[in-house]
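Novice: The following block contains the structure, expressed as structure tokens.
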Amino acid sequence: MASITLNPARSKGVISKNIYGHFSEHLGRCIYQGFFVGKDSPIPNVNGIRKDLVEAMKKIRMPVLRWPGGCFADEYHWEDGVGPQENRKRMVNTNWGGVVEDNSFGTHEFLELCEQIGCEPYINANVGSGTVREMAEWVEYLNSEGDSTVVRRRWANGRKEPWGVKYWGVGNESWGCGGHMRPEYYADEYRRYQTYCRNYGKHRLYRIACGPNVADYNWMDVLMQRAASHMDAITLHYYTLCDDTWDHKGPATGFTAADFYKTLVRASRMEELVIRHSAIMDKYDPARRVGLIVDEWGAWYDVEPGTNPGFLYQQNTMRDAMVAAITLNIFNQHCDRVVMANLAQTVNVLQAVALTEGDRLVLTPTYHVFDLYKAHQDAKEVDCFVQADSVGEGEWQMPQLTASASEKDGVITVTAANLAADKPVSVSIDGVTAGEVSVRILKGEMGQYNDFDHSPLSVKDYDGFTIAGGKLTVELPACCVAEITIK
Ligand code: AHR
């Protein structure tokens, strides 16, 4: 038996819809073959962008998409990706697989992709190998209405109106692939670069500084101390590995129960990271004006055997659905600081929500979690206290249940996951009187996944609950994620 006690009178505020954001990099088959197949492809597309993927992203209400990287961002020069396709510069993607990047997907294509999905663009610009002028002119190209040479170029390339891009990242992983900088140095560089990223007319930039890797609390401290007043948000990157090293992260499928629990316990570490980084931010920003953006998160395993190691292609099982459920519950519960998050990466890379092969598309268990959680977007967080037994193997133990809750238009949504691989749990939902209830569920065995020939996992309506005198009890099967709607 476990319980979730709701207290609708207590809330940390609104859960930004941007917590349900995604990330797309010029890496492996994320952009090319994932989102973009080109106008001449036999795969159904609108201006080269896959229709099936756009439809799938609209269904989960993708709110924001980060691009062009990742490590790729700091070697990306935006001017190489605008203008007639035949004139675009070819380069070798030295970060990811050494393949030729023909720049056929550039600024206009990305912004059209966002328009087709109906999401906000989040552009991460180049500090590592770019110049201040280059970054400043990209903002001008995107957002200015002035009659300048840069803006005339946009007109000549077919776009009269500025796009009004808001979310603006100044460098990616500047402590690593983005330039191996020290925090003191990057703080100064950040201040300098962002100075020339102008606000044009009504288009105000939301400036995002590169934050720490995992538990680098010193990076957070230095950046907040030296540059907080020049930023709207700062980032955090944390990936969940199964095994201990980057050389042996563990396979995405065919894992043991011990691996399952180890991965989930490691995913749960996100809470400690958010709390500790947030406490440092509080020192310099007690009013919590500066947001925390976890713009890279997700499970990272060894690539699928036989695939290009630089393409980071991995399958996605119910274990990943659990990683997503745990992580999104943590973000919801810390919505007073976490203002955006971007799962890495949308399609064909790392913890993808979709996989493609030619004209075929598979929605992964992680996709279905985003579907189950979408009611939280822009809803008021509701205080939610979980009591559950421990589950796990050996030293890898955690509570069997994870949950978060929100309220919108008089409807309470609870999202909960039973993290036990093989034990159901009966969950009493306390603190509210249940009238009308509906439950949707994703369930399967821990190692199950969807692939191109067989997709057993999807969201289903579920009637395994009882209401007695207004008291709701939900029977959660082993290894499941549920959305519980209470009116
Ligand atoms: O998402 C893959 C890579 O992980 C990104 O390019 C980089 O920012 C991070 O190290």
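The values are calculated or read from the model by the stated rules, or taken from the named source; none is laboratory data. Bear in mind the structure is a predicted one, so any value in this text is a computation, not a measurement. Don't worry about glycine lacking a Cβ; one is built from the backbone with ideal geometry, like all the others, and counts go over all protein chains shown. Each accessible area value is taken on the protein alone, full model and side chains, heavy atoms only, with ligands, DNA and RNA left out. Shrake-Rupley method; radii C 1.70, N 1.55, O 1.52, S 1.80 Å.
Novice: Does any residue in the stretch 20-42 that is within 17 Å of residue 103 (Cβ to Cβ) come within less than 7 Å, Cβ to Cβ, of a residue that is more than 16 Å from the ligand (Cβ to nearest atom) and of a type in the set (Asp, Glu) six or more places away or on a different chain, and which pairs are these?
Specialist: 36/109
Novice: Is it the case that some residue within the stretch 23-43 is within 16 Å of the ligand (Cβ to nearest atom) and under 24 Å from residue 378 (Cβ atoms)?
Specialist: yes
Novice: Right, another one. Out of the stretch 104-124, which residues are over 16 Å from the mean Cα position of the chain (by Cα) and either touching a residue at least 24 places away in the same chain (Cβ under 8 Å) or open to solvent by less than 10 Å² (accessible area, probe 1.4 Å) (or both)?
Specialist: Let us first name the residues in the stretch 104-124 that are over 16 Å from the mean Cα position of the chain (by Cα), namely 104-113, 115-116, 118.
Listed by number, the residues that qualify are 104, 105, 106, 107, 108, 109, 110, 111, 112, 113, 116, 118.
Novice: Within the stretch 312-341, which residues are of a type in the set (Phe, Trp, Tyr) and outside any loop (DSSP other than H, G, I, E, B)? Please lay out each step first, then the result.
Specialist: First, the residues of the stretch 312-341 that are of a type in the set (Phe, Trp, Tyr): 313, 331.
331 - this is the single residue of the stretch 312-341 that is of a type in the set (Phe, Trp, Tyr) and outside any loop (DSSP other than H, G, I, E, B).
Novice: Cβ contacts < 9 Å: first residue in contact (Cβ under 8 Å) with a residue 40 or more places away in the chain, restricted to the stretch 188-209; second residue open to solvent by 90 Å² or more (accessible area, probe 1.4 Å), any location; separation 6+ or different chain. Result?
Specialist: 190/226; 196/133; 200/145; 201/145; 203/145; 205/198
Novice: Something else about it: Can you spot a residue in the stretch 262-275 that is of a type in the set (Ser, Thr, Tyr) and either open to solvent by less than 30 Å² (accessible area, probe 1.4 Å) or in contact with a Leu (Cβ under 7 Å, 6 or more places away or on another chain) (or both)?
Specialist: First, the residues of the stretch 262-275 that are of a type in the set (Ser, Thr, Tyr): 263, 268.
Pick out the ones that are also either open to solvent by less than 30 Å² (accessible area, probe 1.4 Å) or in contact with a Leu (Cβ under 7 Å, 6 or more places away or on another chain) (or both) and you get 263.
Checking the stretch 262-275: at least one residue is of a type in the set (Ser, Thr, Tyr) and either open to solvent by less than 30 Å² (accessible area, probe 1.4 Å) or in contact with a Leu (Cβ under 7 Å, 6 or more places away or on another chain) (or both).
Novice: Something else: Being touching a Phe, Trp or Tyr at 6+ places or on another chain (Cβ under 6 Å), more than 28 Å from residue 477 (Cβ to Cβ) and of a type in the set (Lys, Arg): is that true of residue 283 here?
Specialist: Details: touching a Phe, Trp or Tyr at 6+ places or on another chain (Cβ under 6 Å): no; more than 28 Å from residue 477 (Cβ to Cβ): yes; of a type in the set (Lys, Arg): yes.
Spelling it out, it is not the case that residue 283 is touching a Phe, Trp or Tyr at 6+ places or on another chain (Cβ under 6 Å), more than 28 Å from residue 477 (Cβ to Cβ) and of a type in the set (Lys, Arg).
Novice: Could you grab me the full set of residues in the stretch 37-82 that are open to solvent by less than 20 Å² (accessible area, probe 1.4 Å) and either modelled with pLDDT under 95 or within 17 Å of residue 357 (Cα to Cα) (or both)?
Specialist: 38, 48, 49, 50, 53, 54, 56
Novice: Every residue in the stretch 168-200 that is more than 16 Å from the ligand (Cβ to nearest atom), open to solvent by less than 80 Å² (accessible area, probe 1.4 Å) and not acidic (Asp, Glu), please.
Specialist: Residues satisfying the conditions are 168, 183, 187, 190, 193, 194, 195, 197, 199, 200.
Novice: Can you tell me how many residues within the stretch 201-212 are surrounded by fewer than 18 Cβ atoms within 10 Å (Cβ to Cβ) and either closer than 14 Å to residue 292 by Cβ or of a type in the set (Gly, Ala, Ser) (or both)? Show your work before the answer.
Specialist: Taking the stretch 201-212 first, the residues surrounded by fewer than 18 Cβ atoms within 10 Å (Cβ to Cβ) are 201-204.
With either closer than 14 Å to residue 292 by Cβ or of a type in the set (Gly, Ala, Ser) (or both) added as a condition, the list becomes 201.
Qualifying residue count, the stretch 201-212: 1.
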